[in-house]
Amino acid sequence: VHLKIDTGMHRLGFMPDEIEELCRLLNAKKYFSIQSVFSHLASSEDEGDDIFTNEQATIFEKVCALIEQNTGQHFIKHLNNTSGIIRHQKLQYNMVRLGIGLYGVASNTNSLLEEALTLKTTIAQIKQLQPGDTVGYNRMGKITRPSVIAVTRIGYADGYPRNLSNGIGYMLVNGQHAPVIGTVCMDMTMLDITDISGAKEGDEVTVFGRNLSVNELAVKSLTIPYEIL
């Protein structure tokens with residue numbers, strides 16, 4: 001068995017005051033062999049919560065010692081997540097759990113990790129619009145000059161955040177910034193490519209990847225990179 005301890009995240013795990021009873025149950029059933037004891041850091045990326053992180057580690061170490069004393073078993077200990085690996089190297093114990101870092105993404109913008117994922121779509125249709133025309137639901141996109149609009153095959157049903165609508169978000173067309181115009185639809189998103197020459201229907205569009213970080217997309221969407229991924 002692998003035992004999860006709640007040291008302050010208050011999601012899953014045994015509470016510290018439950019450990020003695022847990023050990024009695026484990027000792028009564030000799031076929032249980034403890035393979036690892038672990039916990040999860042609640043705020044390892046936040047410098048302002050470093051005291052809390054260290055308190056979690058202290059609780060974790062005390063609980064591990066209590067389990068060893070009461071069961072006589074030895075086991076692997078692990079606590080660090082991606083941000084913990086980067087910021088709290090002293091808490092590595094026997095192993096670490098690299099989560100979002102597997103994708104080259106970290107909350108710490110000074111990290112040496114390089115993003116490993118790219119999301120692309122294509123242009124489904126290109127439209128020539130004139131001043132006074134509008135784009136999308138509720139006519140949110142206002143055309144004020146002769147414009148070229150690319151309709152791309154991605155929308156909020158695919159996970160592209162709707163709050164990137166109307167100039168907040170952008171994608172890359174031919175390597176250039178193409179701002180979202182109008183409201184992000186369920187399966188389609190419109191881009192203003194007026195100032196991008198040579199774009200044609202079927203061309204690739206980068207939603208995130210090289211030169212357009214998923215971190216930046218998350219900040220603009222008021223969320224975290226993991227939700228985007």
Extension gain (nm, one decimal) between Met95 and Thr134, 0.36 nm per residue minus Cα-Cα = 8.5 nm
Whole Å is fine, so just give me how far the alpha carbon centre of the range 62-109 lies from that of the range 181-226.
-> 36 Å
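Would you count, across the chain, every pair of lysines whose alpha carbons are under 15 angstrom apart, provided the pair is eight or more residues apart or spans two chains? Walk me through the numbers on the way to the answer.
On the way: Lys4/Lys62; Lys4/Lys77; Lys62/Lys77; Lys77/Lys90; Lys127/Lys142; Lys127/Lys200.
Number of lysine pairs found: 6.
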With Cα coordinates, the longest principal axis of the chain makes an angle with the long axis of helix 19-28, in degrees rounded to 10, of 70 degrees
Amide H of Phe208: which non-local residues (sequence gap of 5 or more, or other chain) have their own amide H closer than 5 Å, using H built in the peptide plane?
-> Leu119
Relative contact order (%) - criterion: Cα under 8 Å, at least six apart; region: the chain = 14 percent
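Which percentage, to the nearest 5, of the DSSP beta bridges contained in the chain is antiparallel?
Working: 24 of 32 bridges.
Percent antiparallel among DSSP bridges in the chain is about 75.
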Ignoring ligands and nucleic acids, what accessible area does Arg162 show with a 1.4 Å probe (Å², nearest 10)?
-> 140 Å²
Rounded tilt (10° steps) of 50-71 against the dominant C-alpha axis of the chain = 40 degrees
Ratio Rg/Rh [Cα only; Rh per Kirkwood] for the range 17-99 = 1.03
Hz values of 3J(HN,Hα) by residue in the range 141-148 - Karplus curve (6.51, -1.76, 1.60), Gly and Pro given as x | x, 9, 8, 10, 8, x, 10, 10
Where trypsin sites (Lys or Arg not before Pro) fall in DSSP loop in the range 1-83, at most 11 other Cβ within 10 Å | Arg11, Lys29, Lys30
Give me the distance in nm between label points sitting 7 Å out from Cα along the Cα-to-Cβ direction at Ala42 and Arg11, one decimal.
-> 1.3 nm
Using a 1.4 angstrom probe, figure out how much accessible area the chain has per residue, in square angstrom, rounded to the nearest whole.
-> 56 Å²
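Work out the FRET efficiency for Arg24 and Lys62 from their Cβ-Cβ distance, taking R0 = 22 Å, and round it to the nearest 0.05. Could you put the intermediate results ahead of the total?
Working: r = 18 Å, r/R0 = 0.81.
Calculated value: 0.75.
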GluC sites (Glu not before Pro), loop per DSSP, at most 14 other Cβ atoms within 10 Å - longest free stretch of the chain | 1-113
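The values are calculated or read from the model by the stated rules, or taken from the named source; none is laboratory data. As the structure is a prediction and not an experimental result, all values here were calculated from the model. Quick reminder, even Gly has a Cβ in these numbers, built from the backbone with ideal geometry, and neighbours come from all protein chains shown. The protein model used for the area step is the full one, side chains on, heavy atoms only, and it has no ligands, DNA or RNA in it. Shrake-Rupley method; radii C 1.70, N 1.55, O 1.52, S 1.80 Å.
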